[in-house]
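To keep things clear, I will list the structure first and then write my remarks on it.
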Amino acid sequence: MRKLFLIFCLFLLSCQSNSNKSSTRIKIGVSKEPTTIDPRKSFANDSSNVMMFLYDGLMRFNKEKKLCYGLAQKVDISEDKKIYTFTLREAKWSDGSPITAFDFENSWKTVLNKDFPSVYPHKFYMIENAKKAKLGKVSLDKVAIQALDNRTLQVKLNNPCPYFLEQLAYNVTFAVHKDDSYFEIEPDKLAFSGPFILEDWRHNNYMILKKNPHYWDKEEVKIEEIMLNIIDSPITLLNLFESDELDFIGGILSPLPYVARQALNESEILKTTPSTGTVFLEFNHEKFPFSNINIRRAFSSAIDRVSIEKNICNYHGKKTRRLVPSKDSFSSITDKTPNEYLEIGLKELGCKREDLKVTYLFNDEEATVEIAQILQQNWREELGVLVKLKKQTWRNYIKNFTEKNYQLFKISWVCDVNDPVFLLNIYRLKFGRSNKPRWENKDFLTLLERSDREFDENKRLLLLKRAEDLLLDECIIAPIYHNYSQTLCNPNLINVQYTQSGYIDFRWASFK
Amino acid sequence: MIAFVFKKFISMALSLFFVVTLTFFFMKAIPGNPLLKDMSIPKEITDSLMVQYGFKKPITEQYFSYLWQFLSGDFGKSLVHEGRSVKYIIKEGFPVSLLLGIQSLAVAISIGIGAGAFAAVKNKKWQDHCFTLVYSLGISMPSFLIATLLQYFFSMKLNLFPTANFDTFNHTILPTISLALLPTVFIAKLTRDNMVEMLQKPFVKFALSKGISPRRLLFSHILRNSLLPIVGYVGPMSVSVITGSFVVEKIFGIPGLGTWLISSILSRDYPVIMGLTIFISTFLLLVIFIVDIMYYIIDPRLKLKKEYD
């Protein structure tokens with residue numbers, strides 16, 4: 001027996017995991033396997049951050065979070081701000097061949113090909129004939145994207161677009177190497193334009209990225225290898241981080257476990273970055289009872305934003321009554337109590353409080369569930385209305401609100417580009433892609449269109465603010481708080497960059 | 001024997017057909033589809049994608065074309081994960097699940113039978129009472145709790161094992177224990193109860209009175225007889241252990257089939273759901289088939305019964 005025990009002890013000792021760290025290798029926790037690494041097919045958070053490791057756009061963000069040139073060396077913008085002429089720098093793909101303007105032309109036009117399964121072609125719709133080509137109305141040759149020579153790319157827009165350059169720092173606009181057929185096979189034969197290249201990929205397990213020897217800015221890249229550890233469970237990722245097996249978790253790459261938020265809040269290395277986005281409710285203004293503006297106002301003003309800011313966001317996400325993040329976004333303009341609004345609304349509708357049968361639709365994330373409970377309590381206490389809660393999995397949830405099968409639901413937006421027009425664009429057109437309530441307002445549209453043509457930045461922002469006031473006045477939405485992202489980083493790892501839209505960049509990172 | 005195998009084989013094919021059909025229609029009945037990824041995708045784009053993937057065709061047509069595709073040996077490609085065929089997913093995930101499954105099975109069977117036999121011999125002594133206590137604990141503790149506790153104590157606190165991931169043998173130890181615990185206590189209980197029952201049979205007294213050594217009696221008579229019901233249990237259990245427990249895979253970050261199955265259902269990745277369901281059910285049917293044949297071979301009474309009929 002004693003011998004057995006000894007053997008067992010020896011066995012345990014031999015199992016001791018020894019982690020020896022090299023100073024140019026970082027390990028990052030990722031919660032979801034990237035669904036694709038083809039930037040032309042990228043869509044939202046999913047795999048886009050990984051693509052930013054592998055590809056460079058014409059533009060990019062520098063260490064100071066300022067927009068600067070990436071693969072472009074300079075850009076000439078015409079007087080009317082419609083024609084952009086890019087001069088590319090002398091850069092190479094990771095296989096050593098030169099990156100040309102034709103690569104960009106081909107990639108962008110493939111996205112706009114009506115048969116190509118791209119999810120975000122509308123990011124190019126400001127370019128002349130782009131939308132028509134995607135809908136199959138004109139041929140791809142008519143799209144105003146043209147490589148004049150190997151290093152010159154010319155693009156013509158429909159209207160001046162102040163955020164066009166910023167958009168070129170994000171996924172869908174990255175170019176892939178000319179031969180586009182190889183995305184169907186395993187990625188080891190791919191060529192990349194970014195700071196890192198894909199070395200190995202074990203699905204649902206890990207990805208290994210190596211420094212790109214041909215990257216144009218390779219002197220700046222200090223990290224030789226990135227290991228992306230793909231693990232679904234946020235708790236396991238946190239455990240790995242705490243046992244020093246990971247250097248970085250959180251943010252867009254892997255949400256931190258919601259249950260541990262109080263404990264994490266006291267941690268000194270927790271980093272919070274505000275992002276350009278908002279969490280808000282949308283009312284179905286075509287259906288009883290939210291067809292009435294005063295009922296909408298009652299429900300919106302009854303929300304206890306202070307309590308949500310305290311209990312859900314731990315003061316990291318700022319409470320708000322506005323859609324676009326700004327300094328005074330919580331200032332209130334209402335003069336009536338929620339109950340007074342409700343009384344007026346009920347009188348206008350000619351019904352009683354008991355007739356209000358409201359269902360609140362939300363998805364099954366932990367924070368969202370807690371918000372739903374707070375909201376239900378607010379509405380019961382302030383308005384005396386018991387709202388039914390309906391929790392759904394993500395796909396069901398999307399299906400329900402795309403089919404307008406809701407009265408009231410929660411939605412969260414984070415913009416790729418840091419410009420107020422992005423959040424307002426949601427409601428620009430009645431049948432626009434994200435205008436789920438199908439709200440339409442001529443004045444709102446006119447203001448947005450005027451802002452499109454406005455060259456003076458301050459005047460443009462003023463126009464946008466007026467448009468936002470109009471939207472909030474109609475109370476189609478009830479903003480709650482502004483989005484934020486949280487990360488945990490090894491204290492020795494420095495110079496990790498966070499962009500406004502929550503992307504995390506390791507190209508300048510290094511160990512102390 | 002040949003007739004028996006043939007009959008079993010036909011019934012297997014029929015079951016598989018029903019599995020394919022039911023899964024297909026149930027799967028299509030879940031709301032949402034693989035293309036509804038995000039709320040900001042324009043309708044014309046999802047529409048054109050729907051046409052490209054053939055989701056706009058009548059459901060019966062989709063069913064028959066899938067059946068045809070399946071019969072010609074093609075499981076299709078994932079609609080969510082770029083350029084990944086279902087066969088590739090199985091090829092990558094199954095060996096992982098198989099390795100963990102076999103390890104857990106080996107642990108479960110060896111420890112289960114050993115502990116069960118020990119408890120049966122020490123029937124109604126303190127060892128047996130301890131056994132009952134451990135059994136009740138083991139049977140009532142869900143695997144996610146065990147996995148979390150093991151991870152917390154053995155890797156976070158004592159730093160003896162890696163926290164997660166699938167790499168070396170050390171990485172597989174904690175997941176194997178978490179997966180094996182339930183089958184182990186179950187097998188142990190089954191063995192103990194059967195053996196206690198056997199010990200009271202008249203043939204035991206007869207054998208003892210003829211002067212057989214207790215050791216020989218235990219191993220070649222009692223244990224062998226008590227193991228028959230266990231063979232029946234081990235079959236289906238091995239499938240559930242090998243095809244992976246989703247929860248354990250999730251906690252230890254193991255790239256097995258369970259993770260793929262759940263994520264494919266959540267993302268409505270039709271070809272992957274179908275392919276994995278068919279693969280797992282074929283595996284289950286095969287194991288049941290083998291168990292049936294093993295019964296036939298091990299238990300002479302079955303053959304006799306046939307002849308008597």
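The values are calculated or read from the model by the stated rules, or taken from the named source; none is laboratory data. The structure displayed is predicted, hence computed values, not measured ones. With ideal geometry, Cβ positions are generated from the backbone for all residues, glycine too; neighbour counts draw on all protein chains shown.
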Qualifying residue in the range B:124-143 (condition: touching a strand residue (DSSP E or B) at 6+ places or on another chain (Cβ under 7 Å), within 30 Å of B:Val19 (Cα to Cα), not charged (D, E, K, R) and not in a helix (DSSP H, G or I)): no
Any hit, the range A:482-495, residues being under 24 Å from A:Arg305 (Cβ atoms), surrounded by 17 or more Cβ atoms within 10 Å (Cβ to Cβ) and in contact with a Leu (Cβ under 7 Å, 6 or more places away or on another chain): yes
The range A:334-365, residues that are surrounded by fewer than 15 Cβ atoms within 10 Å (Cβ to Cβ), under 15 Å from A:Cys475 (Cβ atoms) and at pLDDT 85 or above: A:Glu348
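Condition check ((1) within 23 Å of the chain's Cα centre (by Cα); (2) of a type in the set (Asp, Glu)) across all residues:
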position	(1), (2)
A:Pro255	yes, no
A:Ser275	yes, no
A:Lys287	no, no
A:Arg297	no, no
A:Ser301	no, no
A:Asp304	no, yes
Subset of the range B:243-262 [within 21 Å of B:Leu149 (Cα to Cα), surrounded by 24 or more Cβ atoms within 10 Å (Cβ to Cβ) and hydrophobic (A, V, I, L, M, F, W, C)]: B:Val248, B:Ile251, B:Phe252, B:Ile254
Any hit, the range B:228-243, residues being modelled with pLDDT of 80 or more, within 14 Å of another protein chain (Cβ to nearest Cβ) and either touching a strand residue (DSSP E or B) at 6+ places or on another chain (Cβ under 8 Å) or part of a helix (DSSP H, G or I) (or both): no
Spans of strands (runs of 3 or more DSSP E) in the range A:222-288 with at least 3 residues away from chain B (no Cβ under 13 Å) and either surrounded by fewer than 18 Cβ atoms within 10 Å (Cβ to Cβ) or out of contact with any Ser or Thr (no Cβ under 7 Å at 6 or more places or on another chain) (or both): A:270-283
Selection from the range A:70-112 of residues that are part of a strand (DSSP E or B) and acidic (Asp, Glu): A:Asp76
Positions within the range B:87-102 being in contact (Cβ under 8 Å) with a residue 12 or more places away in the chain and of a type outside the set (Ser, Thr, Tyr), in sequence order: B:Lys87, B:Ile89, B:Ile90, B:Glu92, B:Gly93, B:Phe94, B:Val96, B:Leu98, B:Leu99, B:Leu100, B:Gly101, B:Ile102
Criterion: crowded, with 20+ Cβ neighbours inside 10 Å, away from chain B (no Cβ under 14 Å) and farther than 26 Å from A:Ile308 by Cβ - qualifying residue of A:Phe455, A:Phe444: A:Phe444
Of the criteria (1) crowded, with 18+ Cβ neighbours inside 10 Å; (2) over 20 Å from A:Ser275 (Cβ atoms); (3) without any contact (Cβ under 8 Å) to a residue 40 or more places away in the chain, which one A:Tyr406 fails: (3)
Filter result (farther than 23 Å from A:Leu264 by Cβ and in a helix (DSSP H, G or I)) within the range A:289-334: A:Ile293, A:Asn294, A:Ile295, A:Arg296, A:Arg297, A:Ala298, A:Phe299, A:Ser300, A:Ser301
Any chance B:Met294 is surrounded by fewer than 16 Cβ atoms within 10 Å (Cβ to Cβ) and either within 13 Å of chain A (Cβ to nearest Cβ) or out of contact with any strand residue (DSSP E or B) (no Cβ under 8 Å at 6 or more places or on another chain) (or both): yes
Condition broken by A:Lys512, with the remaining ones in (1) without any contact (Cβ under 8 Å) to a residue 24 or more places away in the chain; (2) touching a helix residue (DSSP H, G or I) at 6+ places or on another chain (Cβ under 6 Å) satisfied: (2)
Filter result (loosely packed, with under 11 Cβ neighbours inside 10 Å and either touching a Cys at 6+ places or on another chain (Cβ under 7 Å) or closer than 24 Å to A:Asn396 by Cβ (or both)) within the range B:13-29: B:Ala29
Residue in the range B:161-174 that is within 14 Å of chain A (Cβ to nearest Cβ), touching a helix residue (DSSP H, G or I) at 6+ places or on another chain (Cβ under 6 Å), of a type in the set (A, V, I, L, M) and free of Cβ contacts under 8 Å to residues at least 12 places away in the same chain present: no
Candidate set from the range B:185-218 (those that are at pLDDT 85 or above and touching a Pro at 6+ places or on another chain (Cβ under 8 Å)); member that is farthest from B:Ile111 (Cα to Cα): B:Asn194
Pairs with Cβ under 9 Å, 6+ apart, first in the range A:106-130 and within 14 Å of another protein chain (Cβ to nearest Cβ) and within 10 Å of A:Lys41 (Cβ to Cβ), second β-branched (Val, Ile, Thr) and part of a loop (DSSP other than H, G, I, E, B): A:Val119/B:Ile41; A:Tyr120/B:Ile41
Odd one out for A:Ile371, checked against (1) under 26 Å from A:Met126 (Cα atoms); (2) away from chain B (no Cβ under 14 Å); (3) hydrophobic (A, V, I, L, M, F, W, C): (1)
Looking only at the range A:374-419, and only at residues there that are within 10 Å of another protein chain (Cβ to nearest Cβ) and among the hydroxyl-bearing types (Ser, Thr, Tyr), the one that is nearest to A:Tyr498 (Cα to Cα): A:Ser412
Check on B:Leu181, under 30 Å from A:Leu240 (Cβ atoms) and within 12 Å of chain A (Cβ to nearest Cβ): no
Failed criterion for B:Lys250 (all others in (1) within 24 Å of the chain's Cα centre (by Cα); (2) of a type in the set (Lys, Arg); (3) away from chain A (no Cβ under 14 Å) hold): (3)
Whichever residue in the range A:405-463 is among the hydrophobic types (A, V, I, L, M, F, W, C) and in a strand (DSSP E or B) and, among such residues, is modelled with the lowest pLDDT: A:Val414
Leading residue by the ranking (farthest from the other protein chains (Cβ to nearest Cβ)) among those in the range B:89-112 that are surrounded by fewer than 17 Cβ atoms within 10 Å (Cβ to Cβ) and more than 30 Å from A:Trp201 (Cβ to Cβ): B:Ala106
Selected residue (criterion: surrounded by the most Cβ atoms within 10 Å (Cβ to Cβ)) from residues of the range A:380-398 that are touching a residue at least 24 places away in the same chain (Cβ under 8 Å) and under 23 Å from B:Ser264 (Cα atoms): A:Tyr397
Residue check for B:Lys124: free of Cβ contacts under 8 Å to residues at least 12 places away in the same chain, of a type in the set (Lys, Arg), more than 10 Å from every other protein chain (Cβ to nearest Cβ) and farther than 12 Å from A:Thr236 by Cα: yes
